[in-house]
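Undergrad: Quick one: structure below, then a few questions.
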Amino acid sequence: MAEPKYFSSSLIQRRKNFAWLIPLADLRLTLTLLSLSMVLIFVATLEQVRVGIRGAQSEFFESFYGIWHYPEQFWWGEFLHPLPIPIPGGYLLGGSLIINLLAAFLTRFQWTGKKMGIQLIHFGIILLLVGQLATQALQEESRMLINKGGTVNYLERFHGVELAFIEVTNPNSSRVVAFPQKLLQQDGLHYFPDLPFKVRVLQFGPNCDFKALPPAIRATGPSESVNRGVAQSANLQIIPKPEDFSSEGMNFAYVVFELLDGAHSMGVWAAISHPAGNHFWAQIDPSIADLAFQPIRKNGELWGVSLRAEREYLPYSIELLGISNEFYQGTDIPYNFESEVLLRTDDNQSRRALVYMNTPLRHEGKTFYQYQMNKAADYTVFQVVRNPSWLIPYLACILVSIGLLWQFSFHLARFLSRNASSNHRTA
Amino acid sequence: MKFFSSFLILFAAMALFIGSCGENEKARSYLTKNEYEGAVAAWKLPEDWGENPSALGIMAGSFHVKTAEGPMGRIGVMPFRESVDISTIINMFAAELGHPDYNQTSILSLIQEIRLENRSFELVRLEDKKANTEPRSALLALYRAEGQTWLFPFVASRKLIDEQLENFHAFLSSTILRSGSTPLRAINPSPVPPSTLGHQPTWEAPDHWQRKPTTSIRMGNYVVSGESGESLDFSITSFPGDVGGILANVNRWLGQVGMDATDESGLSRYMSDRMIDEKPAKLVIAESNDQALYAAILFHEGRSWFLKLMGDRNLARSEKKNFIGLLDSFCLGDH
C-alpha cells in the first residue's frame, strides 16, 4: 500500500521496520479503548454501591476483566439482570492504551521539531498510564496506630493477614515466623527452619461468623477437626462467609491448621483475626482472649500463634508525644487533626515532627498521613503509603505541559511570522 | 488476523510484566522486641512423659507417664495469679486422699524445700489414707516468683511417683517461669465473692453427711463415713467460665479415681442429661475397681457449678440415692 505523500522519509522507514505495529496504532482503536474506559468507569461506579470502593477497584480496575450484571431496578432489569456481561478491566484497557500509544509513536508520529509538542504530549500520557500501572503493582498502604506516650516500630496492612508464630521465652527479644495470607490461601505443608514444627494449612477464609457452642454440642464446619487451642476449649463454631469489600466491612479472617513434629501430629488449631486488632478478643469474651496468643510449647520454648493483620517492621520507631483536634466552631466537623511525633532511627538519631492534614511525615520512602484520631482514647492512626513510582505522574504532567506550550508556541510563532510577512507585503 | 496476533503477543508480554511486579510470597522470620505481657511457662518433658491436651482445663500443661500398661498418673502445671496460701492449695488434694484440712501451722511439717537450678521449690507429698489397694500419692511442688505461684501436682500410684522422682525433678529444673501483667490461663482458686454472685445457692444434705467447714474453694463441704472406716468426700464448687469445659473436668476426675482419660466420643459412657434447679445439667457417673465418682455439672449465666461425690465405690453406691436427692434439692437462688 502506498504511503501518503506528506509522510517524511524517516517515518516511511520506521513504518517499514515496525510494519507489524501499524494495526495497533489505529486511531479507531484509541477511540474504542477510550469509549470502553468510560463504560468501565460507569459500571464500576454502579457496582461500588454493591461491593464498596475496594471491591469495585479490585473487581474492575485491578483486573483484566470484570463480570457485570445489569441492575434489576433499571428498565427491563428483571430480564437482563441474570445475564453475565463481561466488561474489559483496568489492566486490559490501560495496557492496551499504552500499546496503542507506543505503536502510534513509532508508526504514525512524525519526529520533527514541528510535531515535537504532539510527541511530548503523547509521551506524557504514556508515562501517566505506566505510572498508574506501576502504582497499582508497587504501592503499599498500611496503618500505624500509636497510643499517646507509646512507641511503635511496625506497620499493619489494611488488607491481608498473616499467621504469626511468636517465641517469647527470652524476655528481651521475640523470634517471629510469619506466613502471609497468600501462602495460607494455598493450603498445604509449610516448613521454616526457625520453627520447631511444620505447619499444614487445612483451611483459610477471608471472613467468617463464629460463636461458642454449649459444651455438649459438637462444632461442625471448618472447626470440626480442631482439637487444640481456644477453638477447642471454647467450642468455637466457625461459619465461613464472603469477604466484605465495603468501607465499613469487618472481616474476621480464619485459618485452621495442623502442627507436625516430624511426621507426628501435634494437633489441629484454629485462629481468627479481629479486624480491629486481636487485643479486642479479651473484651468480647474472656474465654476466647487467647485468640491473641494461643500458647504452644516445644523444646522448652513458649510460642504463641495468632492470625493478625500483616505486619512490616521498620528500622525506626515513632513515639506519639501529643495529639490535638480542632472543630469548626459550634459543630462536630473537624478541620484539623494534629499529631506531634518523635521519630527515632536505629543509629540514635531523632527528629520531632507535626503531622496534620495535607502535611505528612516522609521518611525512607514512606509517607505518614494523618488518618484517624481518638482524643478520648488518646491514640492516633497514620495511613502509611509507600509508592516508589510517586514521581511519575508529576513528570508526566510536566511533559504534557511542555508539549502543549511547545505546540501552541510553535503555532503562535508561525501565525505571528505569517501575519508580519503579510503586513509587509501589503505595505 | 495480523492485528490480533500482534495484539495478543504484546498483551501477553504486558501481563507477564504486571504479574512479575508482585512480591514473591514466602514466610518471613525476624527478631523483634518482646512485647508479650502474659506469663511465660515453658518446659522440657522427660522422654517417657506424654501430653494430655484434652485434660488442660485450668492448667497450663497436663502430662502422663508412658508405661507398658498405657498412660499412667497425672502431672500438671497450674499458675495462680498471686501468692496463695500453701494450705489452700494442699487442701485441694488433701480431702480426696483422706487427709484432714490443713492450716498454715499444721502444713509446716509436710513442707520440704529443694533447690533446683538455683531456684527454690516447696514440695509436699500426701499419701492416700483411703484406698487399701492401689494406694495413690500426690506430690505437689510449688514455686513462687514475682507475685505469682506455680503449682506442679503429680498424682499417681505411690510406686510410679517413686520411680519418676528423678524425672519430676528434671522437669521442674527445665521450667522457665516468668510472671506477666496478664494471667496465663488459670484463675485464682477462690470462688467469686458472694457480693458478685448476688445470691446464694441452697441444698438439702442427708443428716448423716457430716458438714465440714467451707473453704475458699468449697462452698459446700461434707464427708460421708461408712461402717468399716471407708469414706466419701462431697463438695460444691463454682467458678467463672467453663473452667476448661466438660471433657477437661471429667478427665481430671477420672484421673482422681484412677481411671483412664476419655475423648469426646467416650464421654457418653459416663455422662447423661439431667435437670437441676430447672436448668439443663450433666450427670457424671464413673466407677473404678474400688473408687467411684458421682458428679453434676451445671453451666449457668457464665459460671460453672460442680457438685461432686467421690470415694469408696461400695459406699458411693449406697449413697447414690441421697446424692440424687441432694441434686434435686439444689437451688441457685436466682428465682
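The values are calculated or read from the model by the stated rules, or taken from the named source; none is laboratory data. Only a predicted model underlies this, so the values are computations on that prediction, with no experimental measurement involved. Cβ atoms come from the backbone with ideal geometry, glycine included; neighbour counts cover every protein chain shown. For accessibility, only protein heavy atoms count, side chains too; no ligands or nucleic acids. Shrake-Rupley method; radii C 1.70, N 1.55, O 1.52, S 1.80 Å.
Undergrad: Looking only at the range B:23-37, count every residue that is facing another protein chain (nearest Cβ under 7 Å) and at pLDDT below 55 and tell me the total.
TA: 0
Undergrad: Which residues, counting only those in the range A:313-340, are closer than 29 Å to residue A:272 by Cα and either open to solvent by 40 Å² or more (accessible area, probe 1.4 Å) or without any contact (Cβ under 8 Å) to a residue 24 or more places away in the chain (or both)?
TA: Answer for the range A:313-340, where residues must be closer than 29 Å to residue A:272 by Cα and either open to solvent by 40 Å² or more (accessible area, probe 1.4 Å) or without any contact (Cβ under 8 Å) to a residue 24 or more places away in the chain (or both): A:313, A:315.
Undergrad: Could you please find all residues in the range B:127-136 being in a strand (DSSP E or B) and surrounded by fewer than 21 Cβ atoms within 10 Å (Cβ to Cβ)?
TA: Result: B:127, single match.
Undergrad: Looking only at the range B:97-137, which residues are among the aliphatic types (A, V, I, L, M) and on the phi > 0 side of the Ramachandran plot?
TA: none
Okay, residues lined up against (1) buried (at least 16 other Cβ atoms within 10 Å of the Cβ); (2) touching a Leu at 6+ places or on another chain (Cβ under 8 Å); (3) in a loop (DSSP other than H, G, I, E, B):
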position	(1), (2), (3)
A:385	yes, no, no
A:390	yes, no, yes
A:398	no, no, no
A:403	yes, yes, no
A:406	yes, yes, no
A:409	no, no, no
A:412	no, no, no
A:415	no, no, no
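Undergrad: Still on this structure, I have one more. Does the range B:171-179 contain at least one residue that is of a type in the set (Val, Ile, Thr), within 30 Å of residue A:287 (Cβ to Cβ) and modelled with pLDDT of 90 or more?
TA: Yes, there is a match, as at least one residue in the range B:171-179 is of a type in the set (Val, Ile, Thr), within 30 Å of residue A:287 (Cβ to Cβ) and modelled with pLDDT of 90 or more.
Undergrad: Residues of the range A:345-371 being in a strand (DSSP E or B) and either in contact with a His (Cβ under 7 Å, 6 or more places away or on another chain) or open to solvent by 90 Å² or more (accessible area, probe 1.4 Å) (or both), which ones?
TA: Within the range A:345-371, A:351, A:352, A:362, A:371 meet the criteria.
Undergrad: Given the options A:29, A:40, name the one that is within 19 Å of residue A:95 (Cβ to Cβ), buried (at least 16 other Cβ atoms within 10 Å of the Cβ) and within 14 Å of chain B (Cβ to nearest Cβ).
TA: A:29
Undergrad: Residue by residue through the range A:352-394, note down the ones that are within 14 Å of residue A:340 (Cα to Cα) and among the β-branched types (Val, Ile, Thr).
TA: Selection gives A:355, A:359, A:380, A:381.
Undergrad: Condition check: surrounded by fewer than 18 Cβ atoms within 10 Å (Cβ to Cβ) and within 28 Å of the chain's Cα centre (by Cα). Does residue A:185 satisfy that?
TA: Taking the combined requirement at face value, the residue satisfies it.
Undergrad: In the range A:43-57, what residues are buried (at least 17 other Cβ atoms within 10 Å of the Cβ), out of contact with any Asp or Glu (no Cβ under 9 Å at 6 or more places or on another chain) and modelled with pLDDT under 90?
TA: Residues satisfying the conditions are A:48, A:54, A:57.
Undergrad: OK, next. Just to verify a result, which residue in the range A:205-230, among those that are over 25 Å from residue B:303 (Cβ atoms) and either without any contact (Cβ under 8 Å) to a residue 12 or more places away in the chain or polar (S, T, N, Q) (or both), is farthest from the other protein chains (Cβ to nearest Cβ)?
TA: Only one residue tops the list, namely A:207.
Undergrad: Another one. Among the residues of the range B:299-309, is any open to solvent by 20 Å² or more (accessible area, probe 1.4 Å), of a type in the set (Phe, Trp, Tyr) and part of a strand (DSSP E or B)?
TA: Yes: one or more hits.
Undergrad: Residues A:76, A:68: which one is away from chain B (no Cβ under 14 Å) and on the phi > 0 side of the Ramachandran plot?
TA: A:76
Undergrad: Which of the numbered conditions does residue B:252 fail, given that it passes all the others? Conditions: (1) of a type in the set (Lys, Arg); (2) open to solvent by 40 Å² or more (accessible area, probe 1.4 Å); (3) modelled with pLDDT of 85 or more.
TA: Every listed condition holds for residue B:252 apart from (3).
Undergrad: Of the numbered conditions (1) under 26 Å from residue A:240 (Cα atoms); (2) assigned to a strand (DSSP E or B); (3) within 7 Å of chain B (Cβ to nearest Cβ), residue A:165 satisfies every one except a single condition; which is it?
TA: Every condition holds for residue A:165 apart from (3).
Undergrad: For the range B:306-319, check the following and say yes or no: at least one residue is touching a helix residue (DSSP H, G or I) at 6+ places or on another chain (Cβ under 9 Å) and over 19 Å from residue B:225 (Cβ atoms).
TA: Yes.
Undergrad: Report, ordered by the first and then the second residue, all pairs with beta carbons closer than 6 Å, sequence separation of six or more or different chains, a first member in the range B:159-179 that is within 14 Å of chain A (Cβ to nearest Cβ), and a second member that is aliphatic (A, V, I, L, M) and open to solvent by 20 Å² or more (accessible area, probe 1.4 Å).
TA: Qualifying pairs under 6 Å: B:172/B:116; B:173/B:116.
Undergrad: Restricting to the range A:273-287, and then to whatever is surrounded by fewer than 20 Cβ atoms within 10 Å (Cβ to Cβ) and under 32 Å from the mean Cα position of the chain (by Cα), can you tell me which residue is nearest to the other protein chains (Cβ to nearest Cβ)?
TA: In this case the residue turns out to be A:282.
Undergrad: Checking residue B:223 against (1) under 18 Å from the mean Cα position of the chain (by Cα); (2) away from chain A (no Cβ under 14 Å); (3) assigned to a strand (DSSP E or B): exactly one of these is not met. Which one?
TA: Result: residue B:223 passes all but (1).
Undergrad: Right, something else. Which residues, taken from the range B:255-273, are crowded, with 19+ Cβ neighbours inside 10 Å and without any contact (Cβ under 8 Å) to a residue 40 or more places away in the chain?
TA: B:262, B:270, B:271
Undergrad: While we're here: Take the conditions assigned to a strand (DSSP E or B), open to solvent by less than 30 Å² (accessible area, probe 1.4 Å) and in contact with a strand residue (DSSP E or B) (Cβ under 8 Å, 6 or more places away or on another chain) and apply them to residue B:90. Does it pass?
TA: So residue B:90 fails the test.
Undergrad: Residue B:79 versus (1) assigned to a strand (DSSP E or B); (2) surrounded by fewer than 18 Cβ atoms within 10 Å (Cβ to Cβ); (3) touching a residue at least 24 places away in the same chain (Cβ under 8 Å): which is the lone unmet condition?
TA: Status for residue B:79: all satisfied but (2).
Undergrad: Tell me, which residue of the range B:100-152 that is among the polar types (S, T, N, Q) and out of contact with any strand residue (DSSP E or B) (no Cβ under 7 Å at 6 or more places or on another chain) is nearest to residue B:42 (Cα to Cα)?
TA: If we take residues in the range B:100-152 being among the polar types (S, T, N, Q) and out of contact with any strand residue (DSSP E or B) (no Cβ under 7 Å at 6 or more places or on another chain), then B:118 is nearest to residue B:42 (Cα to Cα).
Undergrad: Which one of these is modelled with pLDDT of 90 or more, away from every other protein chain (no Cβ under 14 Å) and either under 27 Å from residue B:178 (Cβ atoms) or in contact with a strand residue (DSSP E or B) (Cβ under 7 Å, 6 or more places away or on another chain) (or both): A:292, A:309?
TA: A:309
Undergrad: Here's another thing I want to ask about it. Report, by residue number, each residue of the range A:168-191 that is in a strand (DSSP E or B), facing another protein chain (nearest Cβ under 8 Å) and of a type in the set (A, V, I, L, M).
TA: Selection gives A:176, A:177, A:178.
Undergrad: Taking the criterion of being open to solvent by less than 10 Å² (accessible area, probe 1.4 Å), facing another protein chain (nearest Cβ under 7 Å) and modelled with pLDDT of 90 or more, would at least one residue in the range A:141-159 satisfy it?
TA: Checked the range A:141-159: no residue is open to solvent by less than 10 Å² (accessible area, probe 1.4 Å), facing another protein chain (nearest Cβ under 7 Å) and modelled with pLDDT of 90 or more.
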